[in-house]
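The values are calculated or read from the model by the stated rules, or taken from the named source; none is laboratory data. Not measured: the values here are computed from a predicted model. So basically every Cβ, Gly included, is an ideal-geometry build from the backbone, and we count neighbours across all protein chains shown. Calculation scope for accessible area: heavy atoms of the full protein, side chains included, ligands and nucleic acids excluded. Shrake-Rupley method; radii C 1.70, N 1.55, O 1.52, S 1.80 Å.
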Amino acid sequence: MKVRVLAFARVRELLGSAREVELPAGSTAAALWDELAKTCTGLPALAKSTRIARNGHVVNRAEILHEGDEIALLPPAGGG
Amino acid sequence: MFAVVSEPIDVAAIAREVRTDACGAVVTFAGVVRERSDDDRPVTGLSYEAHENMAAEEFERIAAEARERFGSCAISVVHRIGDLAVGDVSVAVAVAAPHRSAAFAACEYAIHELKRRAPIWKKEHYTRGDSEWKTNPDRANSP
């Protein structure tokens, strides 16, 4: 299955703002993170501070992803 | 109005939009780019980015909470993204309520929660050419 990954701020600087990622069906958010970390050495250091949103809602790492999901990687916010 | 925009923010227009004849108070808050960082380095500007849909939805939730707590009549929240210079308005909150105490309280609540919760990021650029992502100290996802 394919999911669309959006990244912001520090995480975007590492991964680019948007990309499609191919994952085995039934993969979790944690599996997606691990897949991204394989090719991005700076990413593991941001694991604890980055929240993951699936289709606009923050989820935990055990969340099962589905074909066509929009997955957003959200580092600590700094708006205002 | 709950929006993330790329154009300059017109605070007066947002204030006009929330006002109704039932409201005796209109409070506006404008967040403005400062010339110095918290640690007193000279700043040339800020770059903002946002998850635009999630941010607008968060503004709407925050406004609903504020109305529930303070009973205000109308709230608008607009945040700008892109490259901003010193003096530019980055965020505006406007609240119209029958009386001023509710309007002040709701406005304070909205900007406080926005800074804590909204998926928006800012990078501070310094005169020496370096830059830094800034996080809000009381953000909801503190590690």
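Reported count of residues in the range A:21-59, each being over 21 Å from A:G78 (Cα atoms) and under 11 Å from the mean Cα position of the chain (by Cα), is 11.
Give me the residue from the range A:64-80 that is over 13 Å from the mean Cα position of the chain (by Cα) and modelled with pLDDT of 95 or more and, out of that set, most open to solvent (accessible area, probe 1.4 Å). Break it down into steps so the answer makes sense when it comes.
Taking the range A:64-80 as the starting set, the residues that turn out to be over 13 Å from the mean Cα position of the chain (by Cα) are A:66-68, A:76-80.
Still in the running and modelled with pLDDT of 95 or more: A:66-68.
On the way: A:H66: 93, A:E67: 123, A:G68: 60 Å².
By that ranking, first place goes to A:E67.
Scanning the range A:53-80 for residues that are without any contact (Cβ under 8 Å) to a residue 40 or more places away in the chain and either polar (S, T, N, Q) or under 18 Å from A:R4 (Cβ atoms) (or both) yields A:A53, A:R54, A:N55, A:G56, A:H57, A:V58, A:V59, A:N60, A:E63, A:I64. Taking each residue of the range A:5-25 that is in contact (Cβ under 8 Å) with a residue 12 or more places away in the chain and looking for partners that are aromatic (F, W, Y) and open to solvent by 20 Å² or more (accessible area, probe 1.4 Å) with beta-carbon atoms closer than 9 Å, six or more apart or interchain, yields A:A9/B:W133; A:R10/B:W133. Apart from one condition, A:I52 fits all of (1) open to solvent by 20 Å² or more (accessible area, probe 1.4 Å); (2) closer than 29 Å to B:H112 by Cβ; the exception is (1).
Take B:V93 and tell me if it is β-branched (V, I, T), within 14 Å of chain A (Cβ to nearest Cβ) and surrounded by 20 or more Cβ atoms within 10 Å (Cβ to Cβ). Spell out how you get there, then give the answer.
Working: β-branched (V, I, T): yes; within 14 Å of chain A (Cβ to nearest Cβ): yes; surrounded by 20 or more Cβ atoms within 10 Å (Cβ to Cβ): yes.
Considered against the rule, which asks whether it is β-branched (V, I, T), within 14 Å of chain A (Cβ to nearest Cβ) and surrounded by 20 or more Cβ atoms within 10 Å (Cβ to Cβ), B:V93 comes out as yes.
Matching residues to (1) in a strand (DSSP E or B); (2) within 25 Å of A:S17 (Cα to Cα); (3) within 14 Å of chain A (Cβ to nearest Cβ); (4) of a type in the set (V, I, T):
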site: B:V27; (1), (2), (3), (4): yes, no, no, yes
site: B:D40; (1), (2), (3), (4): no, no, no, no
site: B:Y48; (1), (2), (3), (4): yes, yes, yes, no
site: B:M54; (1), (2), (3), (4): no, yes, yes, no
